[in-house]
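Okay, so here's the structure we're looking at.
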Amino acid sequence: MQSRRFTLVMAAVAFILFSFVSAVALAQEAPKSIKIGASISLTGRFAAGGIDVADGYKLAVKHINDKGGILVKQFNKKIPVELVIYDDESDPSKTVTRLEKLNAEKVVAYLGEFASDMNIAGLGIAEKNKIPWVGVTIAVENVFNQGFKYIFGPNMFSFMEVAAFLDALDKIPENQRPKKIANFELQVDWGKECTKYLHEYAKKKGYTIALERKFAPDTKDFSSMIMAAKSAGCDAVFAVPTPPQSMTLIKQMKELDYAPKATCFVRGPDLSNFWQVMGKDANYIMTSGEWTPDMPYPGNKQLVADYRKQYPNKLMGMPVGNGYSAFQVLADAISRAEKLDRESIRQALTTTSIVTVKGKVTFDKRGVGNVPHALAQWQNGKLVVIVSPDYKTAPVLVATPWSKRK
Amino acid sequence: MLEITGIDVFHGDLQAVWDVSLIIEGKGITTLIGSNGSGKSTVLATIAGLLKPVRGSISFDGVRIDTLPAHKIVDAGIAMVPEGRRLFREMTVMDNLEMGAITKRARQMKNETMAWIFDVFPILKERARQRADTLSGGEQQMLAIGRSLMSQPRLLLVDELSLGLAPVVVQKISQTLDEINKTKGIGIFLVEQNVVMALELAETGHIIENGRIVGTGKASELLASDQVRQAYLGMEGE
Amino acid sequence: MVERKKGLVLAAAVIVALALVPFFTVREYVFSILCMLFLYVTLSQSWNILGGYTGQINVGQAAFFGMGALVARLLWVAGVPFYLSILAGGLGSVILAIIIGLPALKLRGHYFAIGTLAVATIAQITVGNILPGISFLPAQQMATYSLIPRYYVFLIIMAAALAVIYFTVNSRVGLGMEATRDDEEAAQMVGVNTFKYKMIAFLISSFFAGLAGGGFAYFNASYYWYLPFTLMWCFEPILIVFIGGVGSFLGPVIGSVCYVLLKELFALTLGEANLLIFGIVFILTILFFPKGVIGLPAKLRQLFYRRGNVVGR
Amino acid sequence: MEFAQYITYGVINGSLYALVAIGLALIMGIMGIFNIAQGSLAMIAAYGSVLFFQHMKIDPFVSLALTLPGMFLVGVFMYLTMFMSMNKFDPGQKLRNSMLVSFGLVLIMETLATILWTANERTVTTAYSGTVMALGDLRIPYTGIATIILAIVVIFGLHFFLKHTTFGKSIWAVSQDHDCAMLMGINVKRTTLVAFGLGIALSAFAGAVVSLHTVSPAVGIDWTNKALILIVLAGVGSINGILFAGLLLGIVEALGVYLVGVHYTGVVGLLIFIIVLMLRPQGLFVRKAGV
């Protein structure tokens, strides 16, 4: 009895397996459009940024296709874009199979996703499949020191965030300017890089790193770090916490009555709902200003208007603009490539120079993007750009002690 | 009066009781004897509502009870002392008794009933605040009986009273049961492997074998019969 | 016995047929998904020998999977041939299992389960703190990266795991394991050295989990060092075994096929709601096949012959 | 002084851990159901608190009046549709299947929350958040004080309910012997239904406090993990022990920060946990088995 079932089940397993394999093998499709693929976390831990990025891509595709698509010289006509997005469930090992699936569907390029866990797993696949990858939030410079040829990062990097933060400090009048910086280092490669550059740039500009403390991505209690910074007399704080961590950090800083003149949390406060959930405690907090709805670059107004129309209930987060911008870069490269093969598109990407909704994007030899270094600050319910190389910005506000805030 | 008419009962896919019909008089002491695995406990569990008959019916004082859930059967006046006592081990003696009086009818008279039970089993009063699993075997059996009596039953089902107890203790407890029956008029239906004890205590006896009733009669007559003596008392007939 | 032989022949035939797949298709997607499938079969079967056959619910499989991946990757990137690296990864896990197993296997039930979960969490945090960076393949290995050798590595690891575990559980050792699972105290009383069987199962389990980790390290072009230590690798093998049927040899195989392929299918077709639908299907499966998918034939038989109606337990 | 401040946060964190764990402990200890969706239910309840606060300005501790019955009904629904059918299994299989089913629930709730409320982190910032009671240099946040009080009241309240009320005792009786409870005339179906609903309703307390920290759809499993550690630390079936286990873990984590730094907090807590497990495998607060 037992063994009969063994045989039966083995046969069933074999059958299911082979029908799956053959079904996949037979599903060939002829490309009638420009196929671009992305594996994105639509569910799970990283879905917040993932869905925003996907929305940015989708809106950009819609805008291009409304105009008939991308002009491809080889065929001398406009070809519409077909964007294929698969969910990787915030699981990096799924990213690999999704990207291989997209490869099998003959996409001409990959678009990146939000969370670095997935991006890191994915870009190796892009490199080995020789498919150009236009990232959206790969802020780790080290990735680009590996000699990859197909990876492009049209976004702000660790060193740009640090530079923008110090630029903001420079803009504060001499008599009020913070001098001693507390660096809270997140124990991931991005945090390590930020620390490296913070030391390098601070030295150049005459700031001291008076305190350094490490924390992990799952840290939920920051009281010890805050107390240490307070007793070391640090009047500026820099960190790249996760979004929930930046919320907890601010709450605990208030509880422990620590209000340094400048506080920069690169992630978290850039979320559009940050003011909504944190209220006026978010005041004076600085964050990445890579993209905001108010930026005066061409096309940004329309992006914001169309997004608000399409998703009236959603707040517009920074990843939407970043996604939109990344797609603009790719579409530009495709039209300049004049052909629809992956190698030509890669070639075209290396010579990118386009003004997107977040400003001008170019790439260096490694694929590291050069984008405007911008920093933003929450000022009375609005995320205001305080540092930008391209236009006049609002003044930097120095934080007042908690007890003096209303 | 409990009337069982032609019930078939299954344990999963296995049939344990075949077409059993019994009449248990309300006032007296009745016993069902049989060897291990003969189906006698199954009959009891079916009366108490833990198992449901696939065919046949059970009624108590004219009311059909086999369709009721177990806790309603308690409400209807049938309480069971389960095999192996099954006390709530982590609770005190008091709390165990309180659990016996959970039905609405019983709860109203909880204090009076408890006083009576402490009367019947004075040792329980002494141990009232102790955890049930600290009692001796005999005390545990008393508590189990007391707990079931808390529900103010008219019929008490007792499953394997003598299991794991010393003969003296069995003797004592069965005497108490007899008293309860005589003074309070609570009917007792006893299921036992200890055939002699059961038949000496009971007025009427039934014999079950392989899930079927094979004999019925006055307890004293059964005790003397060859059938019982050969099968259960290990005495060869001459 | 004849039937069992037939089953083994069929199993061998399936393995051989799988080995031939690369000759019929070159689609890398097929390989990548089959690689994941083999990985999950290996990992869940390695969990099954300890959890299913010996009754020790290990919720820390990620520690052993991760250890295998860590050792293998470090050695491989340092220039050691990959097959040696992967073997070393398996041994690394075994060493970890010896260190952890000696005290941990004295724990029973929930305590062993949560204790191993704690070990896995500690491993994840520690590796994340010591190696916060990314593990890249050297550029020249990246340039020659191909999925086909990875496919065979996973296939071989899976076949080895299935064979070793099959013959172990069907031997005298297997009987000892099952005795340990069914009633540890009773087994001890009749003179079974339950600790020995638990340890054997634990070592086999960790070895193949480590090999699977090594395969994973060989498979991924770039990843974070802590990735193979994430708790997902603890939970998924358990789920898969329970879906398929715990303590049966084919359970993990069936569970993996259902879990990996169904999830993939849903993710490709259903977009944002795919986990919602998967969750519902998953719950319905568990409710209707409480003993796992392998209980399906018994369930059907029961439907046809069902007569008794039992309430209570 | 700094040290006292660490410990204060440790106590606050530990109380929150205990609040999350208590519902799981009740359902697991009393009913033998392993509900790994408990953290996700706290997540849903926390979203309830967030939404009530955002749209109607109702304080999370006040909106408990709404989230508690709401979660109770969720529990009743869960029990009737999924967990009731598991009563016929033996304890091992019941534990196993309930774990699997609740894993499915985790997936469903996470995805549903993402679709309904986006995956963005939320938090409730009330007028009093960030305000503290200052004892010299020691600063104790009022939300922390509320957390500690809530944990004490809920856990001791539950303990009292189970030990000293008739209905509580009957829940306890059912947990010890399901069939025998039936024979006593306890309406087992109703009792288990209410007990399960109660266990799920307890997640509303956790949710209210979690909403003062941060909540996003994926946090559920993290909270469940913490809760499991507490349950084992306390001993399965122990109710009061959960509070002490929570405080112990919170304080040990705080000490860990003091000794080795923030990034190893989790490791230190778990190492202590493993040591406790080796020395006292039945749990810290259980003599034999019992509530």
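General observations
- Annotation: of all residues in the range B:90-114 being under 20 Å from the mean Cα position of the chain (by Cα) and not in a helix (DSSP H, G or I), the one that is farthest from the other protein chains (Cβ to nearest Cβ) is B:Ala101.
- Considering each residue of the range D:118-128 in turn, at least one proves to be at positive phi, open to solvent by 30 Å² or more (accessible area, probe 1.4 Å) and free of Cβ contacts under 8 Å to residues at least 60 places away in the same chain.
- Matching residues in the range D:55-95 - criterion: being free of Cβ contacts under 8 Å to residues at least 12 places away in the same chain and within 14 Å of another protein chain (Cβ to nearest Cβ): D:His55, D:Lys57, D:Phe77, D:Thr81, D:Ser85, D:Lys88, D:Phe89, D:Asp90, D:Gly92, D:Gln93
- Residue that is modelled with the lowest pLDDT, among those in the range C:74-83 that are more than 21 Å from the chain's Cα centre (by Cα) and open to solvent by 80 Å² or more (accessible area, probe 1.4 Å): C:Ala78
- Of residues in the range C:8-34 being over 23 Å from the mean Cα position of the chain (by Cα) and open to solvent by less than 30 Å² (accessible area, probe 1.4 Å), the one nearest to the other protein chains (Cβ to nearest Cβ): C:Thr25
- Hits in the range A:177-194 (condition: in a helix (DSSP H, G or I) and surrounded by 21 or more Cβ atoms within 10 Å (Cβ to Cβ)): A:Asp189, A:Trp190, A:Gly191, A:Glu193, A:Cys194
- Residue match in the range A:127-147 (condition: of a type in the set (A, V, I, L, M, F, W, C), at the interface with another protein chain (Cβ under 8 Å from one of its Cβ atoms), buried (at least 24 other Cβ atoms within 10 Å of the Cβ) and closer than 24 Å to A:Glu193 by Cβ): yes
- For the range D:257-272, the set of residues classified as buried (at least 23 other Cβ atoms within 10 Å of the Cβ) and more than 9 Å from chain A (Cβ to nearest Cβ) consists of D:Gly269, D:Leu270, listed by residue number.
- Entirely in the range D:167-223, the helices (runs of 4 or more DSSP H) that have 3 or more residues that are open to solvent by 10 Å² or more (accessible area, probe 1.4 Å): D:178-183, D:188-201
- Only residues that are assigned to a strand (DSSP E or B) and open to solvent by 70 Å² or more (accessible area, probe 1.4 Å) were counted in the range B:210-227, giving 3.
- Count of residues meeting criterion [closer than 20 Å to D:Glu2 by Cβ, in contact with a Lys or Arg (Cβ under 8 Å, 6 or more places away or on another chain) and assigned to a loop (DSSP other than H, G, I, E, B)] in the range D:113-136: 1
- If the condition is being facing chain D (nearest Cβ under 10 Å) and without any contact (Cβ under 8 Å) to a residue 60 or more places away in the chain, then the range A:231-252 contributes A:Ser231, A:Thr242, A:Pro244, A:Gln245, A:Ser246, A:Met247, A:Thr248, A:Ile250, A:Lys251, A:Gln252.
- Test for A:Phe274: is it over 30 Å from A:Gly112 (Cα atoms) and within 11 Å of another protein chain (Cβ to nearest Cβ): no
- Taking the numbered list (1) in contact with a Gly (Cβ under 9 Å, 6 or more places away or on another chain); (2) in a helix (DSSP H, G or I) in turn, D:Ser85 passes all entries but (1).
For (1) open to solvent by less than 30 Å² (accessible area, probe 1.4 Å); (2) at pLDDT below 90, each residue gets a yes or a no:
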residue	(1), (2)
A:Ala348	yes, no
A:Leu375	yes, no
A:Lys392	no, yes
A:Pro395	no, no
A:Lys406	no, yes
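- Considering only residues in the range D:137-149 that are at pLDDT 85 or above and not in a helix (DSSP H, G or I), the one that is farthest from the other protein chains (Cβ to nearest Cβ) turns out to be D:Leu138.
- Looking only at the range B:35-52, residues that are small (Gly, Ala, Ser) and part of a helix (DSSP H, G or I) come to 3 in all.
- Of all the residues in the range B:164-201, those that are of a type in the set (Asp, Glu), more than 13 Å from the chain's Cα centre (by Cα) and within 22 Å of B:Leu233 (Cα to Cα) number 1.
- The listed residue being within 14 Å of chain A (Cβ to nearest Cβ) and aliphatic (A, V, I, L, M), out of C:Met158, C:Met177: C:Met158
- Those residues of the range B:183-199 which are open to solvent by 10 Å² or more (accessible area, probe 1.4 Å) and either among the aliphatic types (A, V, I, L, M) or within 13 Å of B:Leu156 (Cα to Cα) (or both), in sequence order: B:Lys184, B:Gly185, B:Ile186, B:Val196, B:Met197
- Residue ranges of helices (runs of 4 or more DSSP H) in the range A:210-299 with at least 1 members more than 22 Å from D:Gln54 (Cα to Cα): A:223-231, A:243-255
- A:Leu256 within 8 Å of another protein chain (Cβ to nearest Cβ) and among the aliphatic types (A, V, I, L, M): yes
- Yes/no for D:Ala134 being open to solvent by less than 30 Å² (accessible area, probe 1.4 Å) and either within 14 Å of chain A (Cβ to nearest Cβ) or not hydroxyl-bearing (Ser, Thr, Tyr) (or both): no
- When the residues of the range A:300-314 are filtered to those that are assigned to a helix (DSSP H, G or I) and open to solvent by 40 Å² or more (accessible area, probe 1.4 Å), the one that is nearest to A:Ile386 (Cα to Cα) is A:Lys301.
- Taken over the range A:42-57, the residue count meeting the criterion of being assigned to a helix (DSSP H, G or I) and touching a strand residue (DSSP E or B) at 6+ places or on another chain (Cβ under 7 Å) is 4.
The values are calculated or read from the model by the stated rules, or taken from the named source; none is laboratory data. Please read all numbers here as calculations on a predicted model, not as lab measurements. Positions of Cβ are backbone-derived with ideal geometry, glycine not excepted, and every protein chain shown enters the neighbour counts. We work out accessible area using only protein heavy atoms, side chains counted, and drop any ligands, DNA or RNA first. Shrake-Rupley method; radii C 1.70, N 1.55, O 1.52, S 1.80 Å.
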